[in-house]
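Reading through the structure tokens given below for one structure.
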Amino acid sequence: MPDTLTNSKIVAAYRERTPKSAELAAKAQELLPSGIAHDARYMKPYGIYVDHAKGPRKWDVDGNEYVDYFGGHGALLLGHNNPSVVAASHAALDQGTHFGANHPREIQWAALVRKLVPCAESVRFTSSGTEATLMAVRLARSVTGKSKFVRFLTHFHGWHDHMTSGHANHFDGTPTAGVLAGIAEHVILLTPGDVEAVKRTFASRNDIACVILEPTGTSFGAAPLPPSFLHMLREETSKHGIFLIFDEVVTGFRVSPGGAQGEFGIKPDLTSLAKILAGGLPGGAVVGRRDILDDLDFDAAERKKREKIAHPGTYNANPLSAAAGIAALEIVGTGEPCKQASATAASLRAALNDVIAEERVPWAVHGTFSGFHFFLNAQQRPVDPHRFDPMTLGYKELLSNPPALSKLLRLALLANGVDVNGRIGGFTSATHGKAEVDETARALRQSIRMLRAEGELPGA
Ligand SMILES: Cc1ncc(COP(=O)(O)O)c(C=O)c1O
């Protein structure tokens, strides 16, 4: 591939539309590593700077409008600025943002979580999903007295020390930069979907506290897992006294009001939640069996003669996040937003595959629930996009979109008014509808033609 960034007409078109973003990006470079605050926002030549958003759309500082599939990194099932969430947040803001004390909203929020999430007998709020998975593993170790835990290659659980190897690199389990070998060596990395590896590992050792996974597969199904794998895990973990942790930071309140566990009828021992939980504001929670969360409870720990796990956190159950979370979960609880977002994603996947077939590109768009993922077919397999079944391919191939092509496709889509994530995929919200699907299909067709004109795709 030629120098994609300097000679590309796609990049030129992107730059032409976004001079103010370019200016801000240059300033940001001096202040922030790579000019960004989250690795997923890293892109060349620079990312857009957004001024405001509403429903399924957002507008950059140059006034360009985008159909938004980034979806607040998955937090915005209800779209941007849902009126009830905004009103509840304003009301909470007027009352004060931090009381250094308990407040009524945290009870209402926890009650809603317990009502919706099957395993949630008890709830401990955190400030992020990363903190929730950290505490889930700590609880499992504390209660079982065992030190090792199982994760699946490429599954993401936040950025704390136990979760880095084997996500995007270090697939051999060696520690990533800044992480102690003594921590990494307690993580057992298995191949996602490998039933025999799970059974063998569980049967051959007695030092495993828990297993944690993204229940619909890597990155909300970019490399999907069959529900049978979850049922097998529930059975095997119960058999061996290992705790099962569903990381439902993305799937919680999205796959169904009760998350993946509600949808598939499986009760994990613990669950990490964030994103939709707090209605688009910062917030997370570890929830699950009361006898496990008892290790966070002063009285229960004393009663059981156990050392209590300390857990402060300045912004745990922050009143503003609680208000937004309550408003969001009340709407999610009706079941409508999950249904609507999933239905729109299904028609989006179909419309994009129509374009891919008509334009004769060897790609496919797949996904489950309210997600969609582009398979850009690095190995150039013959593919019928309408019949593409990601379960027939391994996770490695599904997750190996060619980087240079992905970058250009993402820029081309942005230049045509659509924002997707770096894997080339995203989330729909309950506010996305036919207009957004049609616009995205048009943008994809245009983007494919731009790529082809640049010699990045086969065929005339
Ligand atoms: C499955 C999963 N777990 C955990 C996290 C970490 O959550 P947070 O970004 O709130 O720390 C994420 C974030 O994207 C996630 O997708």
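With respect to the numbered conditions (1) open to solvent by less than 30 Å² (accessible area, probe 1.4 Å); (2) more than 13 Å from the ligand (Cβ to nearest atom); (3) within 20 Å of Pro312 (Cβ to Cβ), which one is the sole condition not fulfilled by Gly166?
Among (1) open to solvent by less than 30 Å² (accessible area, probe 1.4 Å); (2) more than 13 Å from the ligand (Cβ to nearest atom); (3) within 20 Å of Pro312 (Cβ to Cβ), the lone unmet condition for Gly166 is (3).
So which residues in the range 354-365 are open to solvent by 10 Å² or more (accessible area, probe 1.4 Å) and either in contact with a Ser or Thr (Cβ under 6 Å, 6 or more places away or on another chain) or in a helix (DSSP H, G or I) (or both)?
Those that are open to solvent by 10 Å² or more (accessible area, probe 1.4 Å) and either in contact with a Ser or Thr (Cβ under 6 Å, 6 or more places away or on another chain) or in a helix (DSSP H, G or I) (or both): Asp354, Ala357, Glu358.
When both residues are 6+ apart or on different chains and their Cβ atoms are under 7 Å apart, which pairs have a first residue that lies in the range 46-61 and is closer than 19 Å to His432 by Cα, and a second that is assigned to a loop (DSSP other than H, G, I, E, B) and of a type in the set (A, V, I, L, M)?
Asp60/Ile48
Out of Ile188, Ile183, Ile212, I need the residue that is farther than 27 Å from Phe427 by Cα and in a strand (DSSP E or B). Which one? Give the steps one after another, and end with the answer.
Numbers: Ile183 fails: in a strand (DSSP E or B); Ile212 fails: farther than 27 Å from Phe427 by Cα.
After applying the criteria, what remains is Ile188.
Phe243: more than 16 Å from the ligand (Cβ to nearest atom) and within 19 Å of Gly158 (Cβ to Cβ), yes or no?
yes
Please go through the range 134-178 and pick out each residue that is farther than 24 Å from Lys199 by Cβ and hydroxyl-bearing (Ser, Thr, Tyr).
Hits for the range 134-178 are Ser142, Thr164, Thr174, Thr176.
I'd like the residue in the range 115-158 that is in a strand (DSSP E or B), within 16 Å of the ligand (Cβ to nearest atom) and basic (Lys, Arg) and, out of all such residues, is least open to solvent (accessible area, probe 1.4 Å).
Arg151
Confirm whether Ala184 is open to solvent by 50 Å² or more (accessible area, probe 1.4 Å) and more than 17 Å from Val249 (Cβ to Cβ).
no
Can you give me the number of residues within the range 190-200 that are under 25 Å from Ala274 (Cβ atoms) and either surrounded by fewer than 16 Cβ atoms within 10 Å (Cβ to Cβ) or within 16 Å of the ligand (Cβ to nearest atom) (or both)?
The initial filter retains those residues of the range 190-200 that are under 25 Å from Ala274 (Cβ atoms), namely 190, 192-193.
Then drop every residue that is not either surrounded by fewer than 16 Cβ atoms within 10 Å (Cβ to Cβ) or within 16 Å of the ligand (Cβ to nearest atom) (or both), which leaves 192.
Matching residues across the range 190-200 total 1.
Which one of these does Arg449 not meet: (1) outside any loop (DSSP other than H, G, I, E, B); (2) in contact with a strand residue (DSSP E or B) (Cβ under 9 Å, 6 or more places away or on another chain); (3) open to solvent by 60 Å² or more (accessible area, probe 1.4 Å)?
(2)
Might you check whether a residue that is open to solvent by less than 30 Å² (accessible area, probe 1.4 Å), touching a residue at least 12 places away in the same chain (Cβ under 8 Å) and over 23 Å from the mean Cα position of the chain (by Cα) occurs anywhere in the range 366-377?
No, because not a single residue in the range 366-377 is open to solvent by less than 30 Å² (accessible area, probe 1.4 Å), touching a residue at least 12 places away in the same chain (Cβ under 8 Å) and over 23 Å from the mean Cα position of the chain (by Cα).
Taking the condition of being without any contact (Cβ under 8 Å) to a residue 12 or more places away in the chain and open to solvent by less than 20 Å² (accessible area, probe 1.4 Å), how many residues in the range 416-446 meet it? If you could, list the steps in order and put the result at the bottom.
Residues of the range 416-446 that are without any contact (Cβ under 8 Å) to a residue 12 or more places away in the chain, as a first pass: 435.
If we keep only those that are open to solvent by less than 20 Å² (accessible area, probe 1.4 Å) as well, we get none.
Within the range 416-446, residues that are without any contact (Cβ under 8 Å) to a residue 12 or more places away in the chain and open to solvent by less than 20 Å² (accessible area, probe 1.4 Å) number 0.
The values are calculated or read from the model by the stated rules, or taken from the named source; none is laboratory data. Only a predicted model underlies this, so the values are computations on that prediction, with no experimental measurement involved. Cβ: placed from backbone, ideal geometry, glycine included. Neighbour counts: every protein chain shown. Keep in mind that these areas ignore ligands, DNA and RNA; they rest on the heavy atoms of the full protein, side chains included. Shrake-Rupley method; radii C 1.70, N 1.55, O 1.52, S 1.80 Å.
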